[in-house]
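FYI, it's all coordinate maths here, none of it is from the lab. Please read all numbers here as calculations on a predicted model, not as lab measurements. FYI the Cβ positions are ideal-geometry reconstructions off the backbone, even for glycines, and counts take in every protein chain you see.
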Amino acid sequence: MKLRLTPVREWRLGTRLALGLGALALTVFVIVGWVMVTSMKDFLDRRLDDQMVISQQGSAKEVEYYGKITKIPPDWFAVVYKIENGELRPQPGEQQPDDREKFDALAKKALVADEFQTEYLRGEGKFRLRACQVVKGEWIVVSAAPTQDRDGTISQLVTVGVITFLAALVALVVGGQALIRKGMQPLSDMADTAHDISSHDLTDSGDLKMRVDGNGGGVEVEELREAFNKMLAHIDSSLAARTAAEQRLRRFIADASHELRTPLTSLRGYADLFKYAAANEPGEREKHLEKLRSEASRMSVLLDDLLLLARLDSAATEPPLRPEELDLSVIAEAAADAFRAGRPSHELTLDADTVTMTADPTRVRQVLDNLLTNAAVHTPAGTAVTLKVTAENGWAVIRVTDTGPGIPEADRARIFDRFYRVDDSRTRQRGGSGLGLAVVKSLVEAHGGTIELASRPGSTVFTIRLPRHPA
């Protein structure tokens, strides 16, 4: 069985940071320890050298008079040399080493200058040697001090330092990892939130209410948490908008299919009747042909409205408006004349001021025709209708008012939805396709305007505000 080692780059960030911190601390500890041990070694060497200098200087008179040294530490060695005709003659003494070769060699160097040297003496160990002329041109003394105490001190210092540094390193790595893990907990929370999001099916739902809660972690983590939550909020709103658009599209397709099915079915039926009449009852052909024309015309109007709405929805790539300078009162008078001619059962009052503006005259006329037709279709005969045009603070204001039964409150929120009818039981010949007010709203918004509805029993008012000269 082979063990697979995980590459360092695949380790968790907290572990890598803790190990990196440990490696950095180890480097610092090694440098500090090396400087400390070296400084201590130099200090002890200087101290031992000073002791040897003091000892040799103190024995100068004793050597001059007696030719020997008696006052030195018990674990030291000393050899006295007399200079005769450039030759060195060692003098007998009680504290001389068995191996005197290093002393003799160092004494010869002292003929020129004082010398320090560290040597290993056979059978004795490591010693620090110093040779100097205690009496110029007459006597040379070579002293040897053991370095055992110094080496022991250095060894103990190294041992204590290594143990202390290792303990500090372990504590630093373990404690640092714990602190890093705690500090990175907000990042883990964000990762958990992201995993939760990935486990949700957002295909048909725009509900993305998950957010990263909590606080702490420092300024950077707070900024990241805030940015993460803003991103989630943006995604949430985008998903909600997309879901709503998809639902509207599905409903629109379903409604459009339903609306088109009826005239197509009628066309097919009247075509069969026309075929039968052509063969058996020639007198009925014209009646069936007129029915075919009527259904085709109604379907054409429906398709025109659908096409207009589609063009308005894609206005960024295909602007459906052709604005020009116009007098709104002229268009209102033409719409009023057409309404009176086509709807004699309703009394229309026109109150139009001269309002010049920039707009698409064909689409503005379509807005007025649809609103007036809506008022006539959904109110009983004899209902008074008013069309008023005024100018207010740079806006052209159009108000269409009727004294009919009003629109129920439950229907007002959806009155401008496509294919929506206040009364589903109403026939299509009377109630239309449900696209009239949707077209009105889309055209008004395409001009940069707004439309409002206020309704109660006995009064329904549609108020349109259009900018007279859009930017």
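Things worth noting here:
- Subset of K61/K82; K68/K102; K71/K108; K68/K136; K108/K136; K61/K102 violating a 21 Å alpha-carbon distance limit: K71/K108; K61/K102
- Using R0 = 25 Å, the C-beta based FRET efficiency linking K136 and D75 works out to 0.30.
- Label-point gap, in nm, between R181 and S237 - each point 7 angstrom along Cα→Cβ: 3.9
- Alpha-carbon gyration tensor eigenvalues x 5, square-rooted, for the stretch 13-110, Å: 50, 14, 11
- Here the extension length gained between A167 and W34 equals 46.1 nm, from 0.36 nm per residue of separation less the Cα-Cα distance.
- The charge dipole of the stretch 1-142, taken about its Cα centre with unit charges on the Cβ atoms of Lys, Arg (+1), Asp and Glu (-1) only, comes to about 1100 debye.
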